[in-house]
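Scroll down for the structure; my scribbles are underneath it.
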Amino acid sequence: MCGIVGYIGKRDVAPLLLEGLQRLEYRGYDSAGIVVNTPKSPALKVVKAKGRVRELESRVPKRFAGTTGIAHTRWATHGAPSDINSHPHLDADNNVAVVHNGIVDNADELRAKLVADGIVFISETDTEVITHLIARSQADTLEEKVREAVKVIEGTYGIAVMHADFPDRIVVARNGSPVVLGIGEKEMFVASDVAALVAHTRQIVTLNDGEMATLKADDFRTYTTSGATTTATPETVEWEAASYDMGGHDTYMHKEISEQADAVDRVLRGRIDDRFNTVHLGGLNLDPREARGIRRVKILGCGTSYHAGMIGAGLIESLARIPADAEPASEFRYRNPVVDPDTLYIAVSQSGETYDVLAAVQELKRKGARVLGVVNVVGSAIAREADGGVYVHAGPEVCVVSTKCFTNTVVAFALLAVHLGRIRDLSVTDGKRIIEGLRKLPAQIQEILETEEDIKKLAAEYAEAKSMMFIGRVRGYPVALEASLKLKEISYIHAEAYPASELKHGPLALIEPAMPTVAIVPDDDLLEKNRAALEEIKARSGRILAVAHREQEKADHTILVPKNEDELDPILMGIPLQLLAYHTALALGRDIDKPRNLAKSVTVE
Ligand code: M6R
C-alpha cells in the first residue's frame, strides 16, 4: 500500500527519493509523487504522476536540484488514481507539502469547515485536509503547526511534512501507519518501510503511535503529539540491501520460493534444546507457570497468515494438547468476541502491519487479553503491540504473494507447539521425534525444489483450466486453502478449497473433466479416507493431481513429496503447490510479483 520516503542532508535528493520509491514498489500503488526544496522561488517544487515510479522519473525535470525532499507512492482510497490525487499535497501558496499513509476518517467534516473558510481544494483526497490545516496554522514552529493539525485528525496517519519557511527540517508524525527514521552521517532519512532505507543506513528508529520527530541533516529528535520529549535509541536492522534484490531470479516470487530451505534453517537456528528435547523462544515473555495455565489458544491472521495460523492451531492442539483454532482477524474484530483471560491470543502477520490484525490486537489488549505475535518484520506495529512473540526470520518478502513467510510461520508454530507441549504433556520421546523432523525440513525442502521442472510441465497441462478444486482433510485442509489462494492470486484462475470430507455435501456437483482437483494425500492415518475421496472424483470423470508420499493410482498425476512426521507434513506439501501456482501464472503471462488489485501490506481497512 502507500509508501513514504524522505531525505535531508547534502546529497542531491531527487535520485535518492526515486530509488527509495522503487524499493517500495512491491507494496502496491497506483501513482507516485515527489517534492524537493530547491534554492529558487517557489522553493517547493513538485512532480506527480499516475502510474509507475518510472513514469514519475520521466517527468522529473533535469533541473530539480535540492537536498531536502519527500516522496510517496499512493494506493487510492479517497479519489481515483490520478496526477492530482497523487501525493505530495501542497497548499495554494506552495508553502506546505505533505505525504500521508493511512486514512483521515473525519476528512469530509474537516474539508467542509475549511471550504466554508474559503479554502479551495484541488484534489479529492483526505490528505489535502492535513496540508491546509498545517498551512493555515498561526503557530510559530513547524512542529507546533503539525501538532495542531494532527490533534483534529481522526483516523490513521504516517505523515512527512516540509515547509518553505522551515527549510532545515522535515517533521513526521505517526498514528497507526508505520514511520521509520534512518539515521545517517550528517544526513537523515524517513520511510514507511525499512526497505527504502537499508541501501543507505541500517541504523533505524521506529516511531510509536502518538509520536512525532523532527529531522535535520545532522540531528533528529522525537516527542509526543503533546510535545513531551521521548527517548529514541537507534537499532540496527538485520536485513541488508542485497536481500531486497532479485538475486538472479526472474521474479521475487521465484527467488522467495527458492530460498525456503535457508529460511527454515534460520527460523530453527539457536532455538532447539537437545538436552530437554524442547525449544527455547527468547521473546515469548511467558513463564512455564503461565504456559500451564492456558486453557485455549486463538490464532488471528489474514490471508496466507490465517492459513498458516490454521496449521499452527492444529500443531498446538496435537502437540501441546491445548484446544486451539484460527480465525480471520478481519472477522474477529467485528463480532464483539468474548475475551477470555485464560485464552492465549496469537496474532500472525508477515508484515506486522496488516490493519485488520493490528486492530484485533489493540481490541484484545484493551480488554486485558494476553497477545503474542508471530511476525516476520522485526519492530513492526504488531510485534511492538504484542506482549511477546516469535519472529519467523524469513528475511524480507517482496513479492505480493507470500511463500517463504508461510512456510517459516508454520515452522515457527511448530516450535511454539513443542515449547508449550514440553511444558505440558508432550513426552520426551515425542519432543525428540518432532525436533528430528524439524531438522530434516531444510534438506527435504531442497529435494522438493529440485523437482521444479516436473512441476512446470504439470502446470502447462493444468493452466488451461478455468476453475480448479483443492481438497485436503484435517491437516491437509489449510494446505488446500493456501494452495488455492496462491493460484487465484497470481494466475487469476478461479479456485475453490474444501475439506475432502465435505465433497459429497455439495461441491461434488462441480466435478467434471473441465474442473481438475488438486488433492492433498499424506501417508497418515487418513490415507484411506483421502483415497475414497479420489474414487468419488474419478467416478465423476474428474481429473486429479495428487500431492502425496506415494503414487496415487486414482490420480492422473502425483507430485511426490518426502515424508516427515505426520504433524509436519503440511509444511512440505504446500511447497510444490507454490511452484504449481507460479508456473501456471507464468504460462498465462501474468505479472507475478504484482498481481492485479493486490498490495503487499494492507494497512487500511
Ligand atoms: O502481512 P500479513 O501476513 O499480515 O498479510 C496478510 C495477507 O494480506 C497476506 O497474507 C495476503 O493474503 C497475501 N497476498 C497472500 O499471498
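The values are calculated or read from the model by the stated rules, or taken from the named source; none is laboratory data. Since the model is a prediction, treat every value here as computed from it, not as a measurement. Cβ placement follows ideal geometry from the backbone for every residue including glycine, while neighbour counts extend to all protein chains displayed. The protein model used for the area step is the full one, side chains on, heavy atoms only, and it has no ligands, DNA or RNA in it. Shrake-Rupley method; radii C 1.70, N 1.55, O 1.52, S 1.80 Å.
Some points to look at:
- Pairs exceeding 25 Å between alpha-carbon atoms, taken from Lys48/Lys151; Lys50/Lys488; Lys466/Lys594; Lys457/Lys529; Lys298/Lys529: Lys48/Lys151; Lys50/Lys488; Lys457/Lys529; Lys298/Lys529.
- Surface composition of the range 251-380: carbon and sulfur atoms hold 46% of the protein heavy-atom accessible area at a 1.4 Å probe.
- Remark on Ile559: its backbone amide H falls under 5 Å from those of Ala546, Val547, Ala548, a criterion applied only to residues 5 or more positions apart or on other chains, H modelled at 1.01 Å from N.
- Gain in span if fully extended, Tyr334 to Arg136, counting 0.36 nm per residue against the direct Cα distance: 67.5 nm
- Residue-normalised accessible area of the range 17-173, given per residue in Å² at a 1.4 Å probe: 40
- In this calculation the C-beta distance from Asp523 to His249 is compared with R0 = 30 Å, giving a FRET efficiency of 0.40.
- Beta bridges by DSSP in the range 517-605, antiparallel share as percent, to the nearest 5: 0
- Label-point gap, in nm, between Tyr492 and Asp12 - each point 7 angstrom along Cα→Cβ: 4.0
- Take the Cβ atoms of Arg424 and Glu55, set R0 to 45 Å, and the FRET efficiency comes out at 0.20.
- Ordering of 589-597, 539-547 by packing [mean C-beta count within 10 Å, highest first]: 539-547, 589-597
- Nearest-ten-degree value, helix 452-462 long axis tilted from longest Cα axis of the chain: 90
- Taking label positions 7 Å along the Cα-Cβ direction at both Val120 and Arg540, the computed distance is 6.4 nm, reported to one decimal.
- Taken per residue, the accessible surface of the range 420-511 reaches 43 Å², heavy atoms only and a 1.4 Å probe.
- Distances between placed amide hydrogens fall under 5 Å for Val279 paired with Asp273, His419, all partners being 5 or more residues away or on another chain.
- Residue by residue, the range 415-430 carries 3J(HN,Hα) couplings of 4, 4, 5, 5, 4, 5, x, 6, 6, 9, 10, 6, 6, 4, 4, 6 Hz when phi is fed to the Karplus relation 6.51 cos²θ - 1.76 cosθ + 1.60 (θ = phi - 60°); x denotes Gly or Pro.
- Ser41-Asn208 FRET efficiency (beta carbon distance; Förster radius 56 Å; 0.05 resolution): 0.90
- For the range 325-375, accessible area per residue (1.4 Å probe, heavy atoms of protein chains only), Å²: 37
- Vicinal HN-Hα couplings computed from phi for the range 404-409 (Karplus, 6.51 cos²θ - 1.76 cosθ + 1.60; Hz; Gly/Pro x): 5, 6, 4, 4, 5, 5
- Separation of alpha-carbon centers, the range 342-411 and the range 236-268, rounded to whole Å: 19
- Principal-axis analysis of the Cα atoms of the chain puts helix 13-24 at an angle of about 20° to the longest axis.
- Only DSSP H runs of four or more residues enter the estimate; each adds -39500 (n - 2.57), and after division by the residues of the chain the mean residue ellipticity at 222 nm equals -10000 deg cm²/dmol.
- Links that overshoot a 26 Å alpha carbon limit, given the list Lys432/Lys563; Lys367/Lys432; Lys367/Lys404: Lys367/Lys432; Lys367/Lys404
- If you wrap the Cα atoms of the range 2-86 in a convex hull and average its projected area over all directions, you get 5.1 nm².
- The fraction of all Cα pairs in the range 295-338 landing in successive 5 Å bins from 0 to the largest distance is 6, 26, 28, 20, 15, 4, 0, given as whole percents.
- Percent accessible area from carbon and sulfur atoms, the range 1-153, protein chains only, probe 1.4 Å: 51
- Residues of the range 452-477 with an amide N closer than 15 Å to a point placed 7 Å from the Cα of His505 along the Cα-to-Cβ direction: 472-474, 477.
- For the chain, taking the reciprocal of the average inverse distance between every pair of different Cα atoms yields a Kirkwood hydrodynamic radius of 25.4 Å.
- The string of couplings for the range 149-162 from the Karplus curve (6.51, -1.76, 1.60, θ = phi - 60°) is 5, 5, 5, 9, 7, 10, x, 10, 7, x, 10, 10, 10, 10 Hz, one whole number per residue in order, with x for Gly and Pro.
- For the pair Lys432 and Arg292, label points projected 7 Å from Cα toward Cβ lie 2.4 nm apart.
- Taking 0.36 nm per residue of separation and subtracting the Cα-Cα distance, full extension of the segment from Glu512 to Ala92 would add 144.9 nm.
- Debye-sum result for the range 149-206 in log10 I(q)/I(0), which assumes one identical scatterer on each alpha carbon, at q = 0.23, 0.24, 0.27 Å⁻¹: -0.96, -1.00, -1.11
- Stretching the chain fully between Asp105 and Lys186 yields a gain of 25.4 nm (0.36 nm per residue, less the alpha carbon separation).
- The range 383-430: projected area of the alpha-carbon convex hull, averaged over directions, in nm²: 4.6
- For Gly352, the amide hydrogen comes within under 5 Å of the amide hydrogens of Asn376, Val377, counting only partners 5 or more places away or on other chains and with H modelled in the peptide plane.
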